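**Student:** Below is the structure I would like to discuss, written out as structure tokens.
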Amino acid sequence: MSGESLFAALEPLLESVSKPIQYVGGELNSQVKDWHCGGHGPDGEELTTRWALMYPDAYEVGVPNQGVMILYEVLNERPDALAERTYTVWPDMEQAMRDADVPQLTVDGHRAVREFDVLGVSFSTELGYTNMLTALDLAGIPLHAADRGDDDPIVLAGGHAAFNPEPVATFIDAAVIGDGEQAVLTITDLIREWKSQGRPGGRAELLLRLARTGGVYVPSLYEVDYLPDGRIKRVAPAADAHGVPWRVSKHTVMDLDEWPYPKQPLVPLAESVHERMSVEIFRGCTRGCRFCQAGMITRPVRERSITGIGEMVEKGLAATGFEEVGLLSLSSADHSEIADVTKGLADRYEGTQTGLSLPSTRVDAFNIDLANELTRNGRRSGLTFAPEGGSERIRKVINKMVTEEDLISTVAAAYGAGWRQVKLYFMCGLPTETDEDVLQIADLAKRVIDTGRKVSGRRDIRCTVSIGGFVPKPHTPFQWCAQLGSEETDARLGKLKEALRSDKRYGAAIGLRYHDGEPGIVEGLLSRGDRRVGKVIEAVWRDGARFDGWSEHFSYERWMRAADAALADEPVDVAWYTTRERGEAEVLPWDHLDSGLDKDWLWEDWQEALDETEVEDCRWTPCFDCGVCPQMGTEIQVGPTGKKLLPLTVV
Ligand code: SF4
């Protein structure tokens, strides 16, 4: 275990592969620490804890990922720990590495991933599962956790998809749900202690210690029993897993101001999907959109203070040289002091090159004011809103409380303020949806254009309708619902296309972007799957599946072929996992992972969805008892703090 750089072996491969810069590292603010930075104990015990952090997609997608960037910095700040990054290599590089016998490396020190203590994989989406298998295989780490030895890293899953890690239970050693920054430090402490004691009990003992904390899920320490019809009977700690809890809790950082990361954001060398710096202004969301897993699993709302935001923006810009700052969160306009935040930043950076952006989905005039504020100097090109459902009825089902009049008055304000393009996001395949609900999107888009033409007096305004297939997710009120089949999704979208194209008065003014239904079915299988789905993932990977989130690499036929073969002896199939509605009593594969949400509350909310009953945002109304706040020992945190962005200097 040397931690030596293998760059000399990698370098000859670079000239024959596409975008070689992505494998080189050395970005501004990246780090390569001494392999033995943590020193040794009195008897020579190794005391450094080494993390390889992986985002299981291409470098250009992974490098701006906030979660990885935060953990990278938090870990590297510790004198006795080091963290390096690794991404999925493109198929051309995979082949070159196999031919030359070069293993999966980190981009920072070009060290072999297998030499690290932990391989932490951050899953934003389930479509990265096959990419993890590629990395494990290239690294020389056995694919199955059960086959790993004391010299192999602990493979640890995190990110939103880890809230149901069962489909990858065979391949991971452990999973952490929720916020990672405190969790990685606790895990580092445990590993250091175990190492300082001379690694008693080897890998098995370390995993047991991690599981006993109650905040790390170790799938091998839990057994799943099934009913004859294929449903789960129960999930319970294995007989010999003493002291392991029945349910594993999520991690929640309660005070974001104590964690102002990333302080030194990475600046990619190669092109990446976001050429800007991001500052997270709050976590959690209580708007209660029933389809939204991110909103549900990140509760409660925790705001960063206005002073904290101001400092992060200033220091981050100084550390990176970026010219654009995105104020990130699930619904940025909902920060209780957002008007002061945007005005303060707009004042501070007025007349400079620094641009500000507010990715946001709220549909109201207030949002337009914010957008106008942020573009005082700049061009007003496009604004995005997400009504999500085409009809008012379906918006009640999903609890997206936007009326058609709200939307029309919002776009009127936008076009009136000089914006030329409005993008509208919708979903297809929502519970109880009919063709009629989706066809109303066409009427809405036409009204948007009519309104825009009227208020702006121009013909060159545009509206783009972007529509994706709905995939039900664990830990949401829609976790029980039937997903719409891919053929039905395609047929419904075909009718919408026809309705938009048939009216020549709008021509190019309305654009339509949509995806076909097939990838959604695979995502659905992986989202609500159980351990049996692991066999499908392995089979499809062996058959060549890579980069499933990329349409040019994705093959639905390959997935279905793998599922047919891998599930042939099981009483379940792809339809069972996706288009089947679940009953209240069914044990769901993720029930033993505690997101803080009360299952009875989720069920009640599902029933209210079917009744088309809306629920308000609990930030401004009494609590609905979703369960999160009492469990965290907190209350919803909202301002105003009364603080100002000052005393930072105006540039
Ligand atoms: S416990 Fe109550 S206040 Fe807290 S997030 Fe849930 S519904 Fe809102």
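The values are calculated or read from the model by the stated rules, or taken from the named source; none is laboratory data. Predicted model only: the values in this text are computed from it and were never measured. Cβ placement follows ideal geometry from the backbone for every residue including glycine, while neighbour counts extend to all protein chains displayed. When the accessible area is computed, the model is the full protein with side chains, heavy atoms only, and any ligands, DNA or RNA have been set aside. Shrake-Rupley method; radii C 1.70, N 1.55, O 1.52, S 1.80 Å.
**Student:** Using mean Cβ contacts within 10 Å as the protection proxy, how do 292-301, 93-102, 323-332 order, highest first?
**Tutor:** 292-301, 323-332, 93-102
**Student:** Turning to a different aspect of this structure: Once the piece of chain linking ALA482 and GLU275 is laid out straight, how much longer is it, given 0.36 nm per residue of separation minus the C-alpha distance between them?
**Tutor:** Gain on stretching ALA482 to GLU275: 70.7 nm.
**Student:** Moving to a separate point now. How much FRET efficiency would the formula 1/(1 + (r/R0)^6) give for GLU258 and GLU612, where r is the Cβ-Cβ distance and R0 is 41 Å, rounded to 0.05?
**Tutor:** The pair GLU258/GLU612 has a calculated efficiency of 0.50.
**Student:** Now for a different question. Using C-alpha positions alone, give me the convex hull volume of region 144-257 per residue in cubic angstrom.
**Tutor:** It is 120 Å³ per residue.
**Student:** Using a 7 Å offset from the Cα along the Cα-to-Cβ direction at both THR621 and GLU635, what is the distance between the two label points in nm, to one decimal?
**Tutor:** 1.9
**Student:** Follow-up. Cα axis of helix 91-100 to longest principal axis of the chain: angle in degrees, 0 to 90, nearest 10?
**Tutor:** With rounding to tens, the tilt is 10 degrees.
**Student:** Leaving out ligands and nucleic acids, and using a 1.4 Å probe, what accessible area per residue does the chain come to in Å²?
**Tutor:** That works out to 39 Å² for each residue.
**Student:** Once the piece of chain linking ASP598 and ARG542 is laid out straight, how much longer is it, given 0.36 nm per residue of separation minus the C-alpha distance between them?
**Tutor:** Full extension of this stretch gives 16.3 nm more.
**Student:** Still on this structure: Which angle between 0 and 90 degrees, to the nearest 10, do you get for helix 556-566 versus the longest principal axis of the chain when only C-alpha atoms count?
**Tutor:** Between the helix axis and the principal axis of the chain, the angle is about 40 degrees.
**Student:** Follow-up. Modelled label-to-label distance, HIS242 and GLU557, 7 Å Cα→beta-carbon offset: nm?
**Tutor:** Result for the modelled spin labels: 5.6 nm.
**Student:** If you line up the Cα atoms of region 29-130 on their principal axes, what length do they span on each, largest first, in Å?
**Tutor:** Principal axes ranked by extent give 46, 32, 24 Å for the Cα atoms.
**Student:** Given a cut-off of 25 Å, name the pairs among LYS423/LYS495; LYS19/LYS315; LYS33/LYS263; LYS33/LYS250 whose C-alpha atoms lie farther apart than that in the structure shown.
**Tutor:** Among LYS423/LYS495; LYS19/LYS315; LYS33/LYS263; LYS33/LYS250, the Cα-Cα distance tops 25 Å for LYS19/LYS315; LYS33/LYS250.
**Student:** How many percent of all Cα-Cα pairs in region 7-249 sit more than 23 Å apart?
**Tutor:** Here the tail beyond 23 Å accounts for 49 percent of pairs.
**Student:** Between 0 and 90 degrees, rounded to the nearest ten: what's the tilt of helix 66-76 against the longest Cα principal axis of the chain?
**Tutor:** For helix 66-76, the angle is close to 40 degrees.
**Student:** Continuing with the same structure: For SER409, put the label point 7 Å out on the Cα→Cβ axis and report which residues of region 438-456 keep their amide N under 17 Å from it.
**Tutor:** Under 17 Å, as judged by backbone N against the label point of SER409, lie 448, 451-452, 455 of region 438-456.
**Student:** Can you tell me, using C-alpha contacts under 8 Å and at least 6 residues apart, the relative contact order of the chain as a whole percent?
**Tutor:** 14
**Student:** Under the Cβ-under-4.7 Å rule, which cysteines of the chain stay unpaired?
**Tutor:** CYS37, CYS285, CYS428, CYS463, CYS481, CYS618, CYS623, CYS626, CYS629, each lacking another Cys Cβ under 4.7 Å.
**Student:** Normalised by the residues of region 7-249, what does the relative contact order come to in percent, with Cα pairs under 8 Å and at least six apart?
**Tutor:** 16
**Student:** A further question follows. From the P(r) of the chain, can you give the percent of Cα pairs sitting at distances over 44 Å?
**Tutor:** More than 44 Å apart: 20 percent of the Cα pairs in the chain.
**Student:** Just to confirm a number: summing +1 for Lys and Arg and -1 for Asp and Glu over residues other than SER16 whose beta-carbon lies under 11 angstrom from that of SER16, what do you get?
**Tutor:** -3
**Student:** I've got another one for you. Return the FRET efficiency for the residue pair CYS37, GLU584: r is the Cβ-Cβ distance, R0 is 30 Å, and the value is rounded to the nearest 0.05.
**Tutor:** FRET efficiency, CYS37 to GLU584: 0.05.
**Student:** Pulled fully out, how much extra length does the chain show between ALA508 and LYS19, if you take 0.36 nm times their separation in residues and subtract their Cα-Cα distance?
**Tutor:** Separation in residues times 0.36 nm, less the Cα-Cα distance, equals 172.5 nm.
**Student:** Whenever you get a sec, compute what percent of the accessible area on the chain sits on carbon and sulfur atoms (1.4 Å probe).
**Tutor:** Roughly 50 percent of what the probe reaches on the chain is carbon or sulfur.
**Student:** Just grab the label-to-label distance for GLU223 and ARG458, each label 7 Å out from Cα along the Cβ direction, in nm (one decimal).
**Tutor:** 6.9
**Student:** What whole number of Å gives the distance from the Cα centroid of region 296-325 to the Cα centroid of region 86-109?
**Tutor:** Using only Cα atoms, the two centres lie 34 Å from each other.
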